[in-house]
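Only one structure is covered here, and it is reproduced in the block below.
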Amino acid sequence: MGRKLLTEHINVEGIDTFEVYRKHGGYRSVEKALKTMTPDEVVEEVKKSGLRGRGGAGFPTGLKWSFLAKPEGVPRYLVCNADESEPGTFKDRQLMSKLPHLLIEGMITSSYALGANTSYIYIRGELLYVLRILEKAIAEAYAAGFLGKNILGSGYDLDLYVHPGGGAYICGEETALLESLEGKRGNPRNKPPFPAVQGLYARPTVVNNVESIAAVPVIVNDGGDEYAKIGVGKSTGTKLISACGHLNKPGIYEIELGVPVEEFIYSDEYCGGIWKGRDLKAVVAGGSSVPILPKELILKTAAGENRLMTYESLSDGGFVTGTMLGSGGFIAMDETTCIVRNTWNFSRFYHHESCGQCSPCREGTGWLEKILHRLEHGHGNERDIDVLASVAKQIEGNTICPLGEAAAWPVSAAIRHFRDEFEWHIRHPQEATRPGAVYPGKAVLA
Amino acid sequence: MESTTAPVKPQFSEAAKAEIDRICKQYPEERRKSAMLPVLHIAQAEFGGWVAPEVQDLVAEVLGVKPIEVYEVSTFYTMFNLKPVGKHVLEICRTGPCQLRGSDELTLELERITGAKVGEGPSADGLFTLKEVECLAACGFAPVVQVREKYYEQLDTEASVNAMLSELRNMVHRPALPWEEKGLPNAVANN
């Protein structure tokens, strides 16, 4: 059984209240940081921990913090990205609704490290009920003297607010999120300037994912070096994996990075295998944006090594035979799954969520959806697969924000690994579009 | 048929006004526009589950911005309903992980039971509007439907679907929001 750094007490009765959370060691990191450490010492511990951004990009959190501009007399902000919307990902919602004080504690300690006196949690609008939970917990923290003026007599002031979105995947992109927080449409900004220099209200700003912020208390309490001992190589610490799709036990699992993928899928400690006694067909391991891999390549790398739940192992082989850990949204598909249908579904998602600012994305995602819809419904032609691949390629790298890549990668990967299934839809449309049709394998194309 | 009486200008309840004041204080004074999305949520809850043009104008007035600044936001974010809706809006997640666990079938079933169609107006009895939405971040509990602030999860059995619908059918007033005192006229008059 792996260590649980974030979720150890998640099932404790009343852990969402200040009193119970405090009794289980809560808010110790605030005391330690504010009373015994300078802000830079906190940043240093986070650097040492090797913590990487848990929202999907995996960028080292401590390094991101060190980029924050600190001009004299200019306020700076910490904004928590709680706009969890990446299909397959549902960890932050669980963490915030069950352990609201963990995020609040992380926000206080992190804000202190960054010298922010006002911080925001931007939560997706659909989670208004979680916003209510957080606001209640924040009120408790104020009452206990952990927020507000002169926290614990340290002279440090912090106000913390929760801000709801309005239903837009794009607001998970940090500059779109900041636009949204300013009361505007969620159109990503051109960079540079980066948020670290000009973020919220054109002031220096750090934007971090919920899970990254929630890891800060344990890093401050135990020290960055201790945290870095967990995991494998540059994948340190624990990660929340949102397991969903055709699994016997879907749910949130906090794993020590380095668990073999095979163990994660099949062991009873985790997902307990594929539902209905079926075989595994494919996995999207890090949220819908990352490349899909067939069973053989998700369990073992192309070189035949066991694939591990780490940033490095999952990306072994690049995009030719590998994928990404991403947000940890782990979507398993059984042998009856239609890959064309699934790819169409994800393309519809990205088309729907494109903000429309950049033409390659606005138009390209529309074409991907249209062509995939046509293929899935038995009206495809032989050229469609190459057109799809070419549209995907032309979106990639040609947009302001990474939504373009997020839309292109799943299509490119599905064609790369399941091209024959697309061909089957074109050559045998009647069989392929029959309700409940299951691709019988390459032999049918011979 | 065109109405012959002048439309009544909508007004926020006292409770909502107090909540809006509280929210506006969360942002720097000159950045009142930041309260746009939270205030639109309050407006939608106050005025029957959708934001009519005159309601959006009211939001503009309250925030001290031009109406166009509200329109461009309300049309960008999917949570704001721009047309009248039924008493309950069922937001059915249609994205990959939910589709793998039967959201397509769930949508058809909800259309059959309620008589409403996705993307169209409310059911004949005025009770339900069906709306397909993208990922609700509850993929491990798929398929999922959101109604206002509540998530109904694992709707993969007849019993779970019926339980949700009968709960909604038996709901006289929408649940009160934190700033609304129980029994306050505005907490019960809408939706």
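Of the residues making up segment A:390-403, those that are surrounded by fewer than 16 Cβ atoms within 10 Å (Cβ to Cβ) and part of a helix (DSSP H, G or I) number 3. The set of residues in segment A:307-318 being over 19 Å from the mean Cα position of the chain (by Cα) and assigned to a helix (DSSP H, G or I) consists of A:Gly318 alone. Scanning segment A:307-323 turns up no residue that is touching a His at 6+ places or on another chain (Cβ under 6 Å) and under 20 Å from A:Gly245 (Cβ atoms). Per the conditions (1) more than 27 Å from A:Ser212 (Cβ to Cβ); (2) away from chain B (no Cβ under 11 Å); (3) touching a residue at least 24 places away in the same chain (Cβ under 8 Å), the sole criterion not satisfied by A:Glu363 is (3). When you scan segment B:161-176, do you find a residue that is more than 18 Å from A:Tyr129 (Cα to Cα), in contact with a Lys or Arg (Cβ under 9 Å, 6 or more places away or on another chain), surrounded by 18 or more Cβ atoms within 10 Å (Cβ to Cβ) and in the same structural domain as B:Val118 (by TED's automatic domain parsing), even just one? Within segment B:161-176, none of the residues are more than 18 Å from A:Tyr129 (Cα to Cα), in contact with a Lys or Arg (Cβ under 9 Å, 6 or more places away or on another chain), surrounded by 18 or more Cβ atoms within 10 Å (Cβ to Cβ) and in the same structural domain as B:Val118 (by TED's automatic domain parsing). Look through segment A:159-190, keep the residues that are without any contact (Cβ under 8 Å) to a residue 40 or more places away in the chain and not small (Gly, Ala, Ser), and return whichever of them is surrounded by the fewest Cβ atoms within 10 Å (Cβ to Cβ). If we take residues in segment A:159-190 being without any contact (Cβ under 8 Å) to a residue 40 or more places away in the chain and not small (Gly, Ala, Ser), then A:Glu182 is surrounded by the fewest Cβ atoms within 10 Å (Cβ to Cβ).
Taking the criterion of being basic (Lys, Arg) and either in contact with a Ser or Thr (Cβ under 8 Å, 6 or more places away or on another chain) or not assigned by TED's automatic domain parsing to the domain that holds A:Lys32 (or both), the only residue of segment A:99-132 that qualifies is A:Arg124.
For segment A:1-22, the set of residues classified as more than 27 Å from the chain's Cα centre (by Cα) and farther than 12 Å from A:His101 by Cα consists of A:Glu13 only. Which of the residues that make up segment A:1-30 are surrounded by 15 or more Cβ atoms within 10 Å (Cβ to Cβ) and part of a helix (DSSP H, G or I)? A:Phe18, A:Val20, A:Tyr21, A:Arg22, A:Arg28, A:Ser29, A:Val30, listed by residue number. Restricting attention to segment A:143-156, the residues that are without any contact (Cβ under 8 Å) to a residue 60 or more places away in the chain and either part of a strand (DSSP E or B) or crowded, with 18+ Cβ neighbours inside 10 Å (or both) add up to 2.
Would you call B:Val118 among the aliphatic types (A, V, I, L, M) and over 30 Å from B:Ser13 (Cα atoms)? Here the answer is yes, as B:Val118 does meet what is asked.
Taking first residues from segment A:325-345 that are basic (Lys, Arg) and partners that are part of a helix (DSSP H, G or I), the Cβ contacts under 9 Å between residues at least 6 apart in sequence or on separate chains come to A:Arg341/A:Leu372; A:Arg341/A:Glu376; A:Arg341/B:Gln99.
What number of residues in segment A:312-336 are touching an Asp or Glu at 6+ places or on another chain (Cβ under 6 Å) and away from every other protein chain (no Cβ under 14 Å)?
Adding up the residues that qualify gives 1.
Evaluated against (1) surrounded by fewer than 18 Cβ atoms within 10 Å (Cβ to Cβ); (2) of a type in the set (A, V, I, L, M, F, W, C); (3) within 14 Å of chain B (Cβ to nearest Cβ), A:Phe346 falls short on exactly one condition, (1). Please indicate, with yes or no, whether at least one residue in segment A:339-346 is out of contact with any strand residue (DSSP E or B) (no Cβ under 7 Å at 6 or more places or on another chain) and farther than 15 Å from A:Ala413 by Cβ. Within segment A:339-346, one or more residues are out of contact with any strand residue (DSSP E or B) (no Cβ under 7 Å at 6 or more places or on another chain) and farther than 15 Å from A:Ala413 by Cβ.
The values are calculated or read from the model by the stated rules, or taken from the named source; none is laboratory data. All values reported here derive from a predicted model rather than from experimental measurement. Note that each Cβ is placed from the backbone with ideal geometry, even for glycine, and that neighbours are counted across all protein chains shown.
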